[in-house]
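Student: Below you will find the structure I want to go over with you.
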Amino acid sequence: MKHSFFLVIPKQRNDPQRLREFDEKILKQWIADLPIANPLLASRLVFDYISEMSTLKIPAPLRLDTLEQLRPSFLAIEEYLRSRLVKNAFPKEEGEKKALRFLVGLEREYTINYWCALKELSSQTSWFQGKYIGLAIQRSLKGLSEIVHSHLLMGLGVPDWVWLDLHSLYKMSLKLKKHTAQVAANDEVNPGIRTSSPEETYIEVILLALVDNKGLMQRELKLAYAFIQAVRGLVSLKPKPPAQPNPPCVILIDEDKPPSFNPVASDSESARLYVDFTALYQALDANKVLANAPESRFAALSMAGGPEDKWTLDFLDYLKQRWQGQPHESAPLFEDRLDRYVAIGLNNTCKLQTLNADDGGDEFLARSVSPRLLSCVFKQPGVVSIGNLVSFRKADTPINRRALGIIDSLIIEKDDGKLSFGVQLLTAQAIAVNYLPSLGSHYSGHHDGYKKGLFYQMKEPEPKSFLITDTFLLKSGDAVNLFVDHEEFHITLRNKKNIGLGYWQFECAKTQEKKPAEDA
């Protein structure tokens, strides 16, 4: 690997006086003086430091030792910047976009420094090469992997040339027989990962690229990465397709392309590697890697504990389907290709179904861009997320006739707030209702008046009624007084199910019908 394409080394200069700044004692003091209480200032100082490093001619051992001493501070800053990216829903406000640009710039500069050392070492045959080159390759792969991670976290495509550099670095590790060399993680942010080899790091980013981030919340993508690090040893790379019923996953290692189950090669046939998931499939089927199985992936995100406490059955099932080559697709609800008026959230939906509903101020017009997706330009940031409850109607349908669903796909189309989303349908018709917890219910002492909900019925495979609420306090077995079209019903709630971000569904069992309510 004589050249890199994304990791472009700037013109370097000799400056012996500046090399004194990288003395171990001076560097330790500089790191100790970083203003940890002001992470933005600390981030800028580290960025300036490593950017300057890449413009200096520094012996590879000294450069690597310096980068390794900086690594704990760098990783803490990287984690801080990532935390800023996941606080709000999409579309992102300008401050979050700037944070991403700064984060990727920081990751790139840090990785370029490892590539500087690697390029020097790869041209030598010495004791220094044997000691340091495995570290330099692994860190270069890891840096590029984190750049992929940061872009996927924001729903963006990976920049040009990143994949070509990743493939080339892995090929270099094979050529130098360093692909299995274990390198200390030096990672205080993720203490569970103690060592990594170049091949393990390469497998991590391959698995991450196949996850299909349009079907995951941002926080779930971070969970997916943590899960991948836990199971990477169950995945291997082969020169020939493995014997398995699923379509083979192919890596075109001479091209600037991610792994794919349906690769499209250029005119010159690229060399290929195949991903063998056999052991991972077996482990997932046997639930050997499953640490926790709460009711829903949405509920798990509100739990305390480490990532392993949030690896739910449906979350792992999502990952397995992607790693089997099954594309994530929303239901084809918009095959007529007509536009829809959409409202987000339970409160907005209820408001639009009241008798005095306004002219649709709580709705937005979404264009049909495919049988499975609607698209809209959102003027306000932080509006849409996977797991949101939405209601929608055709333009010629009354404002109170609304289908109900959960957003299950989200695609960031442009930087101007344009998003496309797909929906998992709950019902073709829901109505707004009010309810009160009955006396004796454990929740009855905590309410402060009527609560809003959405009610719908299904006839098949057997008649059932459901109530959707936005309170987690209600539990299966609770009784409520339900007010529907000025009638009051005494309802027992059953089979509580978390269906989205902050929304729960209950099956309703009518235990007693009361006289019509005067003030429902």
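Student: Is it true that some residue in the stretch 241-260 is open to solvent by 60 Å² or more (accessible area, probe 1.4 Å), assigned to a loop (DSSP other than H, G, I, E, B), among the acidic types (Asp, Glu) and without any contact (Cβ under 8 Å) to a residue 24 or more places away in the chain?
Tutor: Scanning the stretch 241-260, I find no residue that is open to solvent by 60 Å² or more (accessible area, probe 1.4 Å), assigned to a loop (DSSP other than H, G, I, E, B), among the acidic types (Asp, Glu) and without any contact (Cβ under 8 Å) to a residue 24 or more places away in the chain, so the answer is no.
Student: Next up: Look at the stretch 453-474 and say how many of its residues are open to solvent by 60 Å² or more (accessible area, probe 1.4 Å) and closer than 14 Å to Gly502 by Cα.
Tutor: Selection size over the stretch 453-474: 3.
Student: Say we look at the stretch 137-162 and pick out the residues that are small (Gly, Ala, Ser) and either in contact with a Pro (Cβ under 8 Å, 6 or more places away or on another chain) or in a loop (DSSP other than H, G, I, E, B) (or both); which of these is surrounded by the fewest Cβ atoms within 10 Å (Cβ to Cβ)?
Tutor: Gly157
Student: Among the residues of the stretch 216-235 satisfying the criterion of being in a helix (DSSP H, G or I) and among the aliphatic types (A, V, I, L, M), which is nearest to Gly155 (Cα to Cα)?
Tutor: Checking each candidate, the answer is Leu221.
Student: Can you tell me which residues in the stretch 385-411 are surrounded by fewer than 16 Cβ atoms within 10 Å (Cβ to Cβ) and not in a loop (DSSP other than H, G, I, E, B)?
Tutor: Lys394
Student: Also, quick follow-up: Consider Asp165 against the criteria (1) of a type outside the set (Lys, Arg); (2) under 22 Å from the mean Cα position of the chain (by Cα); (3) open to solvent by less than 10 Å² (accessible area, probe 1.4 Å): it satisfies all of them except one. Which criterion is unmet?
Tutor: Of the numbered conditions (1) of a type outside the set (Lys, Arg); (2) under 22 Å from the mean Cα position of the chain (by Cα); (3) open to solvent by less than 10 Å² (accessible area, probe 1.4 Å), the odd one out for Asp165 is (2).
Student: Also, I was wondering about something else. Scan the stretch 77-94 for residues that are in contact with a helix residue (DSSP H, G or I) (Cβ under 8 Å, 6 or more places away or on another chain) and either closer than 17 Å to Lys28 by Cα or open to solvent by less than 50 Å² (accessible area, probe 1.4 Å) (or both) and jot them down.
Tutor: Residues satisfying the conditions are Ile77, Glu78, Leu81, Arg82, Leu85, Val86, Lys92.
Student: Whether any residue in the stretch 127-136 is of a type in the set (Lys, Arg), within 28 Å of the chain's Cα centre (by Cα) and open to solvent by 50 Å² or more (accessible area, probe 1.4 Å) is what I want to check.
Tutor: No, the stretch 127-136 has no match at all.
Student: Take Gly382 and tell me if it is part of a loop (DSSP other than H, G, I, E, B), open to solvent by less than 60 Å² (accessible area, probe 1.4 Å) and not aromatic (Phe, Trp, Tyr).
Tutor: Here the answer is yes, as Gly382 does meet what is asked.
Student: For the stretch 106-117, state whether one or more residues are at pLDDT 95 or above, of a type outside the set (A, V, I, L, M, F, W, C) and open to solvent by 30 Å² or more (accessible area, probe 1.4 Å). Quick ask: steps written out before the conclusion?
Tutor: Here is the first cut: in the stretch 106-117, the ones at pLDDT 95 or above are 106-117.
Going one step further and asking which of them are of a type outside the set (A, V, I, L, M, F, W, C), we end up with 107-111, 113-114.
After this cut, where a residue has to be open to solvent by 30 Å² or more (accessible area, probe 1.4 Å) as well, the list is 108-109.
Yes; the residues of the stretch 106-117 include at least one that is at pLDDT 95 or above, of a type outside the set (A, V, I, L, M, F, W, C) and open to solvent by 30 Å² or more (accessible area, probe 1.4 Å).
Student: Could you tell me which residue of the stretch 219-240 is nearest to Glu79 (Cα to Cα), considering only residues that are charged (D, E, K, R) and open to solvent by 60 Å² or more (accessible area, probe 1.4 Å)?
Tutor: Here the answer is Arg219.
Student: Provide a single number: the residues in the stretch 330-378 that are surrounded by 15 or more Cβ atoms within 10 Å (Cβ to Cβ), at pLDDT 90 or above and charged (D, E, K, R).
Tutor: Of the residues in the stretch 330-378, 6 are surrounded by 15 or more Cβ atoms within 10 Å (Cβ to Cβ), at pLDDT 90 or above and charged (D, E, K, R).
Student: If you go through the stretch 150-199, how many residues are among the polar types (S, T, N, Q) and touching a Ser or Thr at 6+ places or on another chain (Cβ under 6 Å)?
Tutor: 3
The values are calculated or read from the model by the stated rules, or taken from the named source; none is laboratory data. Note that this is a predicted model, so its numbers are computed, not measured. No Cβ is skipped: glycine too gets one built from the backbone with ideal geometry, and neighbour counts run over all protein chains shown. Surface accessibility is based on the protein's heavy atoms, side chains included, excluding ligands, DNA and RNA. Shrake-Rupley method; radii C 1.70, N 1.55, O 1.52, S 1.80 Å.
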